[in-house]
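*Asks:* Structure provided below as structure tokens; questions to follow.
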Amino acid sequence: MKLALQKLTVGIVLRVVHAALVELYALDSRVRDEFNRMPEGMSYALQTGFNAPQLFVQWKDGKLHNLKHLDKPVCALRLKSTGISFRMFTGQMGLAQAYAQHAFSMQGEIADVMKLARLVNLVEGYLFPKFITKHILTDIPALQVNPLRVYGRVLCGFLTGRYN
Amino acid sequence: MNKYFEFQNVVKLLCGESALERLANELEHLGSKAPMLLSDAVLAKIGTMQQVVDAMEAEGCKPACTYTDIPVDSSLKVVNEIAALYRSSGCDALVAVGGGSVIDTAKGVRLVLSQNADDILAIGGVENLVRGTHIPFVVVPTTSGTGSECTGVAVIRNDENGVKMEFLSPFVQPDAAVIDPRMTLGLPPKATASTGFDAMVHAIEACTCLQANPMSTAYGTTAIKLICENVEEATRNGSNKKARYAMAVASTMAGVSFSNSMVGAVHAIGHALGGVCHVPHAVAMTILLPHVMRFNLERCKDSYAALLPWMIGMDAAMAIPAEKRGEAAIEAVAALSSRLNAICGLPLTLREAGVKQEDFAKVAEFAVNDGALIVNPRAADEAQVIEILNAAY
Ligand SMILES: NC(=O)c1ccc[n+]([C@@H]2O[C@H](COP(=O)([O-])OP(=O)(O)OC[C@H]3O[C@@H](n4cnc5c(N)ncnc54)[C@H](O)[C@@H]3O)[C@@H](O)[C@H]2O)c1
Ligand SMILES: [Fe+2]
């Protein structure tokens with residue numbers, strides 16, 4: 001039961017993270033610059049545990065697509081357990097801490113993980129309040145817009161099916 | 001204490017005076033009859049490699065194949081080439097004689113062979129590989145710096161874009177390392193000083209980065225003490241076997257330390273300087289260390305202070321007010337590099353190392369994409385890396 005609940009939560013947060021990245025592309029210049037520097041077709045896969053939710057995203061035609069599956073992601077990350085993923089996606093552990101705790105393995109180039117880490121740190125900076133980010137981020141990023149705007153746009157995006 | 005940490009060192013260490021003579025026996029025990037010997041042109045020319053061959057042959061072990069065209073900072077292409085040669089010449093083990101460049105090349109070759117791959121790029125990643133075929137692998141370090149003989153990482157330059165890539169896997173660790181002070185007797189003073197500083201950076205970054213843990217810190221602090229006590233003597237008087245031995249052990253310990261913790265911004269920026277401007281790794285480390293420590297100080301006051309007794313001794317450290325010990329550790333490091341500069345002309349600025357300021361933007365871009373930055377105690381963006389570079393210019 002606990003495991004099922006953790007998987008459900010992780011699955012929802014993964015969708016929110018993708019949505020937040022899509023919105024932050026319009027709202028935050030650092031996210032925009034990061035994506036604009038990515039090669040066309042750059043892709044990430046994230047496996048969050050055994051039989052647990054997965055995320056496949058690809059940068060293509062100026063948009064971050066959320067795909068059902070990708071055969072050969074350029075960078076494939078695998079978190080070592082559902083419990084770890086749950087802690088990561090509920091603001092209990094940041095990406096640097098996950099690295100320090102050997103929480104994931106990765107196939108691909110480390111430079112691509114660093115790019116993703118910068119994006120995830122920004123997303124966390126917007127989505128989580130300061131009392132959480134001060135524990136999980138090495139440095140709290142300056143916010144360029146009010147986080148409520150990000151939440152508002154994400155909500156709107158889900159309601160209008162923008163991420164499907 | 002860390003919520004969670006891991007520690008691994010599978011390498012058998014053969015340390016001291018007669019270490020080299022035991023290499024043949026070690027290979028035999030690993031099941032090898034036809035080892036491939038890897039080294040570089042300098043070591044082949046000055047006779048260091050031959051010393052190893054002689055010691056092996058004296059005990060009935062002859063290299064089946066030798067490759068000495070390994071470039072400084074290694075190369076993905078060369079790794080693939082050597083793996084193909086290994087297969088075609090029927091070798092059954094790898095022996096690497098050299099500094100970090102040779103050892104890391106050999107680590108790359110071992111990965112390719114054990115994973116039954118053709119191209120190292122296809123198997124790159126972090127902890128992503130299963131054990132694969134066991135390829136017996138022994139290393140003989142000829143510099144006292146990288147500690148690569150005990151680390152779970154290979155740093156290899158991608159010739160196409162100049163990026164120094166990190167391949168992280170426990171399976172790059174050799175079976176055994178021969179730590180013999182005779183191997184570094186001929187290392188020139190500048191190389192002795194700078195590679196010694198590389199080891200110092202490993203230990204300091206390992207003890208102060210986000211991944212530091214009690215085990216890695218135990219190795220790191222002892223390494224710092226040994227380096228501070230011996231690096232000047234080893235630089236001044238290269239034939240002092242005692243100092244050479246201490247430096248060899250110190251760099252190995254610093255390697256164990258950072259392999260089980262991590263490094264930080266000094267390495268991230270140093271790798272980028274190596275990739276973009278071809279600054280030798282150890283030289284970049286020496287120049288950058290005090291500047292990066294100053295950048296990190298706001299987060300590292302206590303962790304730097306804790307290192308001070310290992311650098312200057314307990315009594316001297318305790319004579320400094322507690323709140324000043326963090327800064328004092330930075331000053332101790334800067335003073336050591338200045339003394340080494342006076343002894344052997346070790347470069348202390350990027351300008352002296354031939355770096356051009358117009359390359360800073362590219363260096364910063366590479367540095368923020370280097371994995372070593374992820375656990376640095378303070379995040380750094382490109383603008384902050386450029387500030388550090390300017391301070392070090
Ligand atoms: N894998 C790791 O854990 C790790 C750690 C730190 C650095 N590195 C990598 O290691 C490389 C640097 O290695 P390094 O500092 O040992 O230098 P190196 O292997 O690049 O050697 C530098 C020069 O010194 C010469 N040399 C080596 N030993 C000598 C000796 N005994 N006498 C005379 N000349 C000698 C070499 O021939 C070469 O020309 C870099 O690419 C760096 O990124 C790897
Ligand atoms: Fe190093």
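*Asks:* Report every pair of residues separated by at least 6 positions or lying on different chains whose Cβ atoms are under 7 Å apart, first residue within segment B:246-259 and within 14 Å of another protein chain (Cβ to nearest Cβ), second more than 12 Å from ligand 2 (Cβ to nearest atom).
*Replies:* B:Ser259/B:Cys150; B:Ser259/B:Gly152
Residues checked against (1) within 14 Å of chain B (Cβ to nearest Cβ); (2) open to solvent by less than 20 Å² (accessible area, probe 1.4 Å):
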site	(1), (2)
A:Ala96	yes, yes
A:Lys115	yes, no
A:Arg118	yes, no
A:Gly125	yes, yes
A:Pro141	yes, no
A:Val145	no, no
A:Cys156	no, no
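*Asks:* Starting from segment B:285-296, keep only residues that are under 17 Å from B:Ser194 (Cα atoms), then list their pairs with residues that are among the charged types (D, E, K, R) and within 15 Å of ligand 2 (Cβ to nearest atom) whose Cβ atoms are within a distance under 9 Å, requiring at least 6 positions of separation or different chains.
*Replies:* Every condition considered, the pairs that remain are B:Met285/B:Asp198; B:Thr286/B:Asp198; B:Leu289/B:Glu205; B:Val292/B:Glu205.
*Asks:* Something else: For segment B:347-366, check the following and say yes or no: at least one residue is assigned to a helix (DSSP H, G or I), farther than 24 Å from A:Ala96 by Cα and polar (S, T, N, Q).
*Replies:* Yes, that holds for at least one residue.
*Asks:* Also, quick follow-up: Of all residues in segment B:187-237, how many are touching a residue at least 40 places away in the same chain (Cβ under 8 Å), more than 14 Å from chain A (Cβ to nearest Cβ) and among the acidic types (Asp, Glu)?
*Replies:* Count: 2.
*Asks:* Please list, ordered by residue number, the strands (runs of 3 or more DSSP E) wholly in segment B:123-186 having 1 or more residues that are in contact (Cβ under 8 Å) with a residue 60 or more places away in the chain and more than 12 Å from chain A (Cβ to nearest Cβ). Let's see the steps before the verdict.
*Replies:* On the way: elements: B:137-141, B:153-157, B:164-168, B:176-179.
Passing ranges, in order: B:137-141, B:153-157, B:176-179.
*Asks:* So which of B:Ala305, B:Ala334, B:Ala317 is more than 25 Å from A:Thr138 (Cα to Cα) and buried (at least 18 other Cβ atoms within 10 Å of the Cβ)?
*Replies:* B:Ala317
*Asks:* Can you name every residue in segment A:79-90 that is in contact (Cβ under 8 Å) with a residue 12 or more places away in the chain and either within 13 Å of chain B (Cβ to nearest Cβ) or within 18 Å of B:Asn2 (Cα to Cα) (or both)?
*Replies:* If the condition is that a residue be in contact (Cβ under 8 Å) with a residue 12 or more places away in the chain and either within 13 Å of chain B (Cβ to nearest Cβ) or within 18 Å of B:Asn2 (Cα to Cα) (or both), then A:Leu79, A:Lys80, A:Ser81, A:Gly83, A:Ile84, A:Met88 are the ones that fit.
*Asks:* Can you tell me which residue is farthest from ligand 1 (Cβ to nearest atom) among those in segment B:278-302 that are open to solvent by 10 Å² or more (accessible area, probe 1.4 Å) and within 14 Å of another protein chain (Cβ to nearest Cβ)?
*Replies:* Restricting to residues being open to solvent by 10 Å² or more (accessible area, probe 1.4 Å) and within 14 Å of another protein chain (Cβ to nearest Cβ), the top hit is B:Glu298.
*Asks:* Residues A:Glu34, A:Glu23: which one is more than 11 Å from every other protein chain (Cβ to nearest Cβ), acidic (Asp, Glu) and over 15 Å from B:Ile374 (Cβ atoms)? Even if it seems obvious, please write down each step before you answer.
*Replies:* Working: A:Glu34 fails: more than 11 Å from every other protein chain (Cβ to nearest Cβ).
One residue alone meets the criteria, A:Glu23.
*Asks:* Checking the condition among the acidic types (Asp, Glu) and more than 16 Å from ligand 2 (Cβ to nearest atom), which residue from B:Glu205, B:Glu232, B:Glu166 passes?
*Replies:* Numbers: B:Glu205 fails: more than 16 Å from ligand 2 (Cβ to nearest atom); B:Glu166 fails: more than 16 Å from ligand 2 (Cβ to nearest atom).
Unique residue meeting the criteria: B:Glu232.
*Asks:* Pull up segment B:202-229, narrow it to residues that are part of a helix (DSSP H, G or I) and in contact with a Gly (Cβ under 8 Å, 6 or more places away or on another chain), then point me to the one that is nearest to ligand 1 (Cβ to nearest atom).
*Replies:* Filtering segment B:202-229 for residues part of a helix (DSSP H, G or I) gives B:202-208, B:214-229.
Of the ones still in play, those that are also in contact with a Gly (Cβ under 8 Å, 6 or more places away or on another chain) are B:202-208, B:227.
Numbers: B:His202: 7, B:Ala203: 12, B:Ile204: 14, B:Glu205: 11, B:Ala206: 11, B:Cys207: 16, B:Thr208: 17, B:Ile227: 14 Å.
This residue is B:His202.
*Asks:* While we're looking at this one, here's another question. For segment B:149-167, what are the residues that are of a type in the set (Gly, Ala, Ser) and either crowded, with 22+ Cβ neighbours inside 10 Å or within 10 Å of ligand 1 (Cβ to nearest atom) (or both)?
*Replies:* B:Gly152, B:Ala154, listed by residue number.
*Asks:* Okay, moving on. For segment A:2-51, how many residues are assigned to a helix (DSSP H, G or I) and over 26 Å from A:Pro147 (Cα atoms)?
*Replies:* 4
*Asks:* If you don't mind, there's one more thing I want to ask. If I go through segment B:120-139 residue by residue, how many of them are under 19 Å from A:Pro73 (Cα atoms) and at pLDDT 95 or above?
*Replies:* Qualifying residue count for the region: 1.
*Asks:* Go over the candidates A:Ala100, A:Ala76 one by one and state the one that is under 16 Å from the mean Cα position of the chain (by Cα) and open to solvent by less than 40 Å² (accessible area, probe 1.4 Å).
*Replies:* A:Ala76 is the lone residue from the list that is under 16 Å from the mean Cα position of the chain (by Cα) and open to solvent by less than 40 Å² (accessible area, probe 1.4 Å).
*Asks:* Return the residues of segment B:361-381 that are more than 10 Å from chain A (Cβ to nearest Cβ) and either acidic (Asp, Glu) or more than 24 Å from the chain's Cα centre (by Cα) (or both); say none if nothing qualifies.
*Replies:* Within segment B:361-381, B:Ala361 is the sole residue that qualifies.
The values are calculated or read from the model by the stated rules, or taken from the named source; none is laboratory data. Note that the structure is predicted; figures quoted are calculated from it, not measured. Cβ atoms come from the backbone with ideal geometry, glycine included; neighbour counts cover every protein chain shown. Just the protein is used for accessible areas: all its heavy atoms, side chains included, with ligands, DNA and RNA removed. Shrake-Rupley method; radii C 1.70, N 1.55, O 1.52, S 1.80 Å.
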